[in-house]
């Protein structure tokens, strides 16, 4: 019977329960108001299909929870180190060789995924798809490839001796990740969220490891800015910028749904329009409570394992930056958002995966595992 660090779990379990309840309430508010707002325009699934989808998401999360992630990661990294050792017989170069193989392997996975998507593309639909898979699968792909990038980043950066080299490695993985996501999803808001999350992850991780300095911090921010401006097409200069209030004014004047609302997301505006400012404020209060619970628990986890704590923080920040993007878009400052906030297909399994990171076996804190240290 495995024994886990009870101090960490005493923090993690209440934080997970609070986060899950807040998420469920936020998702319920958003889904209910959107369904009412779009009634007659976009058909929605029934209660049975909704329950089935929830159960499937929980099942996927449960499978991720019980998987021996530490062993899988360590075996994979062992194979990477072996492949790296084939390039050199000198011990001092083995870390560099392993880093090269790790970077190349992730880049090949991204390239193969994009190639598959391009050659199996059967036409875009409203929900987006990856290859031959169904609607919304492009976002699922984005989450999977980004989580894989998180693992590669937090493991590989420790193989780099110099801080500036760490920035370069992180940037290369981030570049492969962002290019892959952008080519598959074509979503600027998702690209923006991933770049921001991974940039802050680097700064936080290096700070926790006492390897951060001003130059490294500025370099990472510069790399992040380059990726945002290169990967997000005309986000700040688009002629399609329009605030949520303007959309509602058009609706009131015309008496029918404006065409421009289809294909874009105005989730927060819809909550305020359908249920009033009070429920909108409640939605943001729930978001603040969820954020506090996640950030505090991740900070506590970082004291035991910087990799696990940074991983959890990165998972949270992707959704957080999607919400930030949506707020700016609905205020009319940037291009409209197109990614559905709090999408259950991605959020529920990833929340459970994040909770799994807090289950650290007693005595394994200092082991050189991909998930520890």
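Among (1) touching a helix residue (DSSP H, G or I) at 6+ places or on another chain (Cβ under 6 Å); (2) under 23 Å from residue 213 (Cβ atoms); (3) free of Cβ contacts under 8 Å to residues at least 40 places away in the same chain, there is one condition residue 153 misses while meeting the rest; what is its number?
Among (1) touching a helix residue (DSSP H, G or I) at 6+ places or on another chain (Cβ under 6 Å); (2) under 23 Å from residue 213 (Cβ atoms); (3) free of Cβ contacts under 8 Å to residues at least 40 places away in the same chain, the lone unmet condition for residue 153 is (3).
Find the helices (runs of 4 or more DSSP H) located wholly in segment 13-122 whose residues include 3 or more that are within 19 Å of residue 136 (Cβ to Cβ), and list them. Quick ask: steps written out before the conclusion?
Details: elements: 47-66, 69-85, 94-119.
Answer list for segment 13-122: 47-66, 94-119.
State yes or no: is residue 250 in a helix (DSSP H, G or I) and surrounded by fewer than 20 Cβ atoms within 10 Å (Cβ to Cβ)? Before the answer, list the steps.
Details: in a helix (DSSP H, G or I): yes; surrounded by fewer than 20 Cβ atoms within 10 Å (Cβ to Cβ): yes.
Considered against the rule, which asks whether it is in a helix (DSSP H, G or I) and surrounded by fewer than 20 Cβ atoms within 10 Å (Cβ to Cβ), residue 250 comes out as yes.
Condition (residue is more than 26 Å from residue 146 (Cβ to Cβ) and either without any contact (Cβ under 8 Å) to a residue 24 or more places away in the chain or out of contact with any strand residue (DSSP E or B) (no Cβ under 9 Å at 6 or more places or on another chain) (or both)) applied to segment 215-225: is it met by at least one residue? Break it down stepwise before answering.
Here is the first cut: in segment 215-225, the residues more than 26 Å from residue 146 (Cβ to Cβ) are 215.
Among the residues that remain, those that are also either without any contact (Cβ under 8 Å) to a residue 24 or more places away in the chain or out of contact with any strand residue (DSSP E or B) (no Cβ under 9 Å at 6 or more places or on another chain) (or both) are: 215.
Yes: one or more hits.
Which one of the conditions (1) free of Cβ contacts under 8 Å to residues at least 24 places away in the same chain; (2) in a loop (DSSP other than H, G, I, E, B); (3) surrounded by 16 or more Cβ atoms within 10 Å (Cβ to Cβ) does residue 237 fail to meet, given that it meets all the rest?
Just one mismatch for residue 237, condition (3).
Of the conditions (1) buried (at least 22 other Cβ atoms within 10 Å of the Cβ); (2) free of Cβ contacts under 8 Å to residues at least 40 places away in the same chain; (3) within 22 Å of residue 303 (Cβ to Cβ), residue 202 fails just one. Which one is it?
Here residue 202 meets the rest and fails (2).
Name the residue, out of 101, 66, 114, 60, that is modelled with pLDDT of 90 or more, within 26 Å of the chain's Cα centre (by Cα) and over 30 Å from residue 347 (Cα atoms).
Values: 66 fails: over 30 Å from residue 347 (Cα atoms); 114 fails: over 30 Å from residue 347 (Cα atoms); 60 fails: over 30 Å from residue 347 (Cα atoms).
101 is the lone residue from the list that is modelled with pLDDT of 90 or more, within 26 Å of the chain's Cα centre (by Cα) and over 30 Å from residue 347 (Cα atoms).
Just for segment 253-271: of the residues that are under 24 Å from the mean Cα position of the chain (by Cα) and not in a helix (DSSP H, G or I), which one is modelled with the highest pLDDT?
Filtering segment 253-271 for residues that are under 24 Å from the mean Cα position of the chain (by Cα) and not in a helix (DSSP H, G or I), the one modelled with the highest pLDDT comes out as 266.
Just give me the residues in segment 296-348 being free of Cβ contacts under 8 Å to residues at least 40 places away in the same chain, surrounded by fewer than 24 Cβ atoms within 10 Å (Cβ to Cβ) and under 23 Å from residue 155 (Cβ atoms), in sequence order.
Passing the criteria: 299, 303, 316.
Which of (1) under 19 Å from residue 218 (Cα atoms); (2) surrounded by fewer than 24 Cβ atoms within 10 Å (Cβ to Cβ) is the odd one out, the single condition residue 185 does not satisfy?
(1)
Which one is farthest from residue 38 (Cα to Cα) among residues in segment 273-285 that are in contact with a helix residue (DSSP H, G or I) (Cβ under 7 Å, 6 or more places away or on another chain) and at pLDDT below 90? Walk me through it before giving the result.
The initial filter retains those residues of segment 273-285 that are in contact with a helix residue (DSSP H, G or I) (Cβ under 7 Å, 6 or more places away or on another chain), namely 273-275, 279-280, 283.
In the following step, the residues that additionally are at pLDDT below 90 were identified as 273-275.
On the way: 273: 12, 274: 11, 275: 14 Å.
The qualifying residue farthest from residue 38 (Cα to Cα) is 275.
For segment 311-339, enumerate the residues that are within 13 Å of the chain's Cα centre (by Cα) and under 19 Å from residue 136 (Cβ atoms).
Within segment 311-339, the first condition is being within 13 Å of the chain's Cα centre (by Cα), and the residues that meet it are 311-323, 339.
If the condition is that a residue be within 13 Å of the chain's Cα centre (by Cα) and under 19 Å from residue 136 (Cβ atoms), then 315, 318, 319, 322, 323, 339 are the ones that fit.
Looking only at segment 276-285, count how many residues are touching a residue at least 24 places away in the same chain (Cβ under 8 Å) and surrounded by fewer than 17 Cβ atoms within 10 Å (Cβ to Cβ). Walk me through how you get there before you give the answer.
So the first thing to find is which residues in segment 276-285 are touching a residue at least 24 places away in the same chain (Cβ under 8 Å), and the list is 279, 282-283.
Still in the running and surrounded by fewer than 17 Cβ atoms within 10 Å (Cβ to Cβ): 279, 282.
Count: 2.
The values are calculated or read from the model by the stated rules, or taken from the named source; none is laboratory data. None of these values were measured; they are calculated from a predicted model. When we count neighbours, we look across all protein chains shown, and the Cβ atoms used for this are built from the backbone with ideal geometry, even at glycine.
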